[in-house]
Amino acid sequence: MKKLKYSDITPENYYINRRNFIAGSAVFSSMIASGLTQNEAEASISQLSPNSLQEITNYNNFYEFGTSKTDPAKYSKKLTTIPWQLEVDGLTNKKGIFDLEKILNNKQLEERIYRLRCVEGWSMVIPWIGFPLKKLIDQMDPKNEARYVAFETLYRPDEMRGQRYKILDWPYVEGLTIEEAMNPLTFLATGLYGKELPNQNGAPLRLVVPWKYGFKSIKSIVKISFTSEQPKTTWSAANPREYGFFSNVNPNVDHPRWSQATERVIGEGLFGQRRKTEMFNGYEKEVGHLYKGMDLKKHY
Ligand code: MTE
């Protein structure tokens with residue numbers, strides 16, 4: 001099997017596993033399946049021009065490796081990601097510990113080019129490779145009482161030097177409502193730019209929730225649980241006044257210490273120009289219905 005470069009990926013069917021990349025189905029078929037015409041799908045992809053691999057892999061937040069933006073690239077190299085297991089727990093009929101290889105085995109991987117907006121006020125565009133979280137949830141057969149999905153990052157201070165300090169309450173945890181988790185945009189990434197996911201971006205498996213602030217997109221996931229109660233989330237536990245459970249990108253709801261109306265796009269605006277932040281990070285059409293009638297200032 002041959003290893004594909006990003007430039008080799010064509011809008012035909014493609015299937016990828018962790019080591020071997022084979023051309024197959026992609027962006028277009030998934031976008032068309034979600035109701036877009038071929039032209040709309042093409043237009044919506046070409047509007048987003050991805051950041052460079054250099055930018056995406058050298059300006060990161062991954063506090064398990066340190067708090068500066070360059071720490072993850074510097075200190076994540078020795079993280080062991082093979083073998084990797086995923087525990088599935090809580091209100092499900094398929095509890096257990098599964099090899100990631102096995103989970104990925106029957107998954108058709110696709111590319112999704114998404115905006116990522118950090119709560120700190122910067123943003124990027126990232127061409128992820130992976131599959132919708134919904135596909136895994138369907139397989140895990142959650143019980144009817146499951147209302148939330150909780151996620152947990154690896155805890156391995158030997159390899160994650162940031163975890164030797166009590167910067168956050170480790171392990172890093174996150175959560176979504178089951179409706180958010182099942183939304184077609186919610187994605188589990190296993191790669192980017194047509195290659196395996198670099199460690200600093202959350203290898204080998206990380207969540208991507210493009211309409212929420214970046215901290216919801218939890219990295220290096222080892223556990224997924226189905227719960228009836230809203231799960232604990234790391235940043236809202238650390239500072240509940242500043243970070244809520246929902247954390248939807250919203251230019252009209254400011255962070256207590258800064259405005260969220262604009263953002264600095266990494267690689268753009270050498271002279272400090274900023275762009276207007278869009279409601280739900282530009283994904284309102286796809287996810288607005290999830291929050292109909294909800295007071296978004298109260299449920300920040
Ligand atoms: N996941 C874990 N486990 N630890 C973290 O520190 N940082 C979050 C999120 N996921 C973080 C995490 C934040 S604040 C952001 S903005 C994104 O990862 C950054 O993702 P990227 O570095 O791949 O761009």
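Between residue 264 and residue 298, what FRET efficiency comes out of the Förster formula 1/(1 + (r/R0)^6) with R0 = 25 Å and r the beta carbon distance, rounded to 0.05?
Working: r = 28 Å, r/R0 = 1.11.
Efficiency computed from Cβ-Cβ geometry: 0.35.
Taking 0.36 nm per residue of separation and subtracting the Cα-Cα distance, what length does fully extending residue 87 through residue 135 add?
Numbers: separation 48, 0.36 × 48 = 17.28 nm, distance 1.61 nm.
Length gained between residue 87 and residue 135: 15.7 nm.
Can you pull out the GluC sites (Glu not before Pro) in the range 107-212 whose DSSP state is coil and whose Cβ has at most 14 other Cβ atoms within 10 Å? It would help to have the intermediate numbers written out before the result.
Numbers: sites: 110, 111, 120, 145, 152, 159, 174, 179, 180, 196; in loops: 120, 145, 159.
Answer in residue order: 145.
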Can you list residues from other chains, or at least 5 along the same chain, whose modelled amide H is less than 5 Å from the amide H of residue 69? none
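What number results when the radius of gyration of the range 13-291, computed over Cα atoms, is divided by 2.2 N^0.38 Å?
On the way: Rg = 17.9 Å, N = 279, 2.2 N^0.38 = 18.7 Å.
Dividing the Cα radius of gyration by 2.2 N^0.38 Å gives 0.96.
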When the Karplus curve 6.51 cos²θ - 1.76 cosθ + 1.60 is applied with θ = phi - 60°, which whole-Hz ³J(HN,Hα) does each residue of the range 257-272 get, with x for Gly and Pro? 10, 7, 7, 10, 5, 9, 9, 9, 7, 4, x, 10, x, 4, 9, x
So how long is each side of the range 255-300 along the principal axes, counting just the alpha-carbon atoms, biggest first, in Å? 40, 26, 11
Karplus-derived HN-Hα couplings along the range 196-210 (A = 6.51, B = -1.76, C = 1.60, θ = phi - 60°), whole Hz, x at Gly and Pro: 3, 5, x, 3, 5, 9, x, 4, x, 8, 9, 7, 9, 10, x
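Could you pull out the chymotrypsin sites (Phe, Trp or Tyr not before Pro) across the range 237-289 that fall in loop regions by DSSP (anything but H, G, I, E, B) with no more than 14 other Cβ atoms inside 10 Å?
Numbers: sites: 243, 245, 246, 258, 271, 280, 283; in loops: 243, 245, 246, 271, 283.
Loop-located and lightly packed - 271.
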For the range 155-300, what class follows from the C-alpha gyration tensor (a ≥ b ≥ c being the square roots of its eigenvalues): rounded when a/c is under 1.5, otherwise prolate if a/b is larger than b/c, else oblate? rounded
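Beyond 25 Å between alpha-carbons counts as too far, so tell me which of 95/219; 107/232; 77/223; 135/223; 94/285 fall in that bin. Don't skip to the end; give the middle numbers.
Working: 95/219 21 Å; 107/232 29 Å; 77/223 22 Å; 135/223 16 Å; 94/285 33 Å.
Flagged as over cut-off: 107/232; 94/285.
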Low-density loop positions, GluC sites (Glu not before Pro), the range 256-296 - DSSP coil, at most 15 other Cβ in 10 Å: 268
Any idea how far apart residue 254 and residue 166 come out in nm if each label point goes 7 Å out from Cα toward Cβ? 3.3
Mind listing the long-range amide H neighbours of residue 212? Cut-off is under 5 Å, sequence gap 5 or more, other chains count too, H placed in the peptide plane at 1.01 Å from N. 249
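At a threshold of 8 angstrom on Cα-Cα distance, excluding pairs fewer than six apart, so keeping six or more, what relative contact order does the range 230-273 reach in percent? Write down the numbers at each step before the final one.
Numbers: 24 pairs, mean separation 9.2, N = 44.
Across the range 230-273, relative contact order equals 21 percent.
What Kirkwood radius, in Å to one decimal, follows from the Cα pairs of the range 45-86? List each step's numbers first, then the result.
Values: mean 1/r = 0.0826 Å⁻¹.
With all distinct Cα pairs of the range 45-86 included, I get 12.1 Å.
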Need the full-extension length gain, residue 147 to residue 274, defined as separation in residues times 0.36 nm minus the C-alpha distance. One decimal, nm. 42.0 nm
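All of the numbers you see were taken from the coordinates with simple rules; none came from a lab. Everything quoted here is computed from the prediction, not taken from an experiment. Here the Cβ is made from the backbone with ideal geometry for all residues, glycine too, and neighbour counts use every protein chain on show.
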